[in-house]
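The values are calculated or read from the model by the stated rules, or taken from the named source; none is laboratory data. The shown structure was predicted, so the numbers you read here are calculated from the model rather than taken from an experiment. Note: ideal-geometry Cβ built from the backbone for every residue, glycine included; neighbour counts use all protein chains shown. Accessible surface areas use protein heavy atoms only, side chains included; no ligands, DNA or RNA. Shrake-Rupley method; radii C 1.70, N 1.55, O 1.52, S 1.80 Å.
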Amino acid sequence: MDNIKLVSRATKERTIIEVGELKIGQKFILIAGPCSIESEEQMLKTAYAVKQAGANILRGGAFKPRTSPYAFQGLGLKGLKILEKIGKETGLPVVTEVLDTRDVSWVCEYVDILQIGARNMQNFSLLKEVGKTNKPVLLKRGMYSTLAEWLNCAEYILNEGNPNVILCERGIRTFETYTRNTLDLSAVPAIKELSHLPIIVDPTHSTGKVSLIPPMSLAAVVAGADGLIIEVHHNPAEALSDKDQALRPEEFAVLAQQVMNLKKYMEDLA
Ligand code: PEP
Ligand code: MN
């Protein structure tokens, strides 16, 4: 593959990213939490439930990239303060999306991992900015992007001096409309051939459907993903964003157990 250097598998076998006690890329991770941070009560309910179920990182958006300017845009600073507080209370590291270069440095004060969303994958100024921080970056695949384009975006981050990039396959746009996107699971083993960076799968945004999240999560484990990121809401019907694709905590708990059992089965086989 042309142009990629620092992220290429030719340079290194694999990258292991330490976040607290976690070693991403070495041990499977489960990231869970709501699409958006809505209130302290919501985060508290969700965080304890997902932790109990086995999640090891808490997610929640404070800046939401919404299709409509009239849709809920996120709580911003207020949301980050909630996320930080609940993360500390539960002992879970936290991840949130940054949308704007102007926010990168101060958002770093509140979170453990910065997320670059699909819509900003090729926002090169933003990539350079997060590349200058010392926070791990969760880089989602753009919905119209090839693997080469995606890896070049990771290259931008590493080129600024930040080696800690976690790739996330979150589905791409195809002619299919039944699912929100089409989960490209072949990206997982393909990225493993091409790069040393860890890759996780987002079965939530890729399918957009609660019923499809469990089977695709298990398929991602079999494909060799280093983790999953799953949206969970204590009351999906009232979620302020992505309510059709949020698992209830009880559903997440069942899935998390299946994922861990499957992971263990695969390790025993190997
Ligand atoms: C999200 O994780 O809430 C999100 C907006 O995801 P994506 O950028 O993959 O659409
Ligand atoms: Mn979402």
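Name every residue in the range 210-234 that is of a type in the set (Asp, Glu) and outside any loop (DSSP other than H, G, I, E, B), in order of residue number.
GLU231
Among the listed residues VAL259, VAL201, VAL222, which satisfies the condition of being open to solvent by less than 10 Å² (accessible area, probe 1.4 Å) and more than 16 Å from ligand 2 (Cβ to nearest atom)?
Exactly one of VAL259, VAL201, VAL222 is open to solvent by less than 10 Å² (accessible area, probe 1.4 Å) and more than 16 Å from ligand 2 (Cβ to nearest atom), namely VAL259.
Okay, residues lined up against (1) among the polar types (S, T, N, Q); (2) more than 16 Å from ligand 2 (Cβ to nearest atom); (3) in contact with a Leu (Cβ under 7 Å, 6 or more places away or on another chain); (4) free of Cβ contacts under 8 Å to residues at least 60 places away in the same chain:
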site	(1), (2), (3), (4)
ALA118	no, no, no, no
ALA148	no, yes, no, no
ALA154	no, yes, yes, no
SER186	yes, yes, no, yes
LEU197	no, yes, yes, no
GLY208	no, no, no, yes
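I'd like to verify a number: residues in the range 95-114 that are under 17 Å from LEU167 (Cα atoms) and open to solvent by less than 10 Å² (accessible area, probe 1.4 Å), how many?
Residues flagged as under 17 Å from LEU167 (Cα atoms) and open to solvent by less than 10 Å² (accessible area, probe 1.4 Å) within the range 95-114 amount to 5.
Identify all residues within the range 18-38 that are surrounded by fewer than 21 Cβ atoms within 10 Å (Cβ to Cβ) and either of a type in the set (D, E, K, R) or closer than 21 Å to CYS153 by Cβ (or both); write none if there are none.
Of everything in the range 18-38, those that are surrounded by fewer than 21 Cβ atoms within 10 Å (Cβ to Cβ) and either of a type in the set (D, E, K, R) or closer than 21 Å to CYS153 by Cβ (or both) turn out to be GLU18, VAL19, GLU21, LYS23, LYS27.
Out of the residues in the range 143-180 meeting the condition of being open to solvent by 10 Å² or more (accessible area, probe 1.4 Å) and assigned to a helix (DSSP H, G or I), tell me which one is farthest from ligand 1 (Cβ to nearest atom).
Ranking the candidates gives ASN159 first.
Out of everything in the range 8-64 that is part of a helix (DSSP H, G or I) and among the hydroxyl-bearing types (Ser, Thr, Tyr), what residue ends up being farthest from ligand 2 (Cβ to nearest atom)?
Restricting to residues being part of a helix (DSSP H, G or I) and among the hydroxyl-bearing types (Ser, Thr, Tyr), the top hit is TYR48.
Could you check how many residues of the range 115-142 are surrounded by fewer than 19 Cβ atoms within 10 Å (Cβ to Cβ) and either touching a Phe, Trp or Tyr at 6+ places or on another chain (Cβ under 7 Å) or more than 19 Å from PHE63 (Cα to Cα) (or both)?
Residues flagged as surrounded by fewer than 19 Cβ atoms within 10 Å (Cβ to Cβ) and either touching a Phe, Trp or Tyr at 6+ places or on another chain (Cβ under 7 Å) or more than 19 Å from PHE63 (Cα to Cα) (or both) within the range 115-142 amount to 4.
Give the range 195-233 a look and list any residue that's in contact with a Cys (Cβ under 6 Å, 6 or more places away or on another chain) and more than 17 Å from PRO34 (Cα to Cα), or say none.
ILE200
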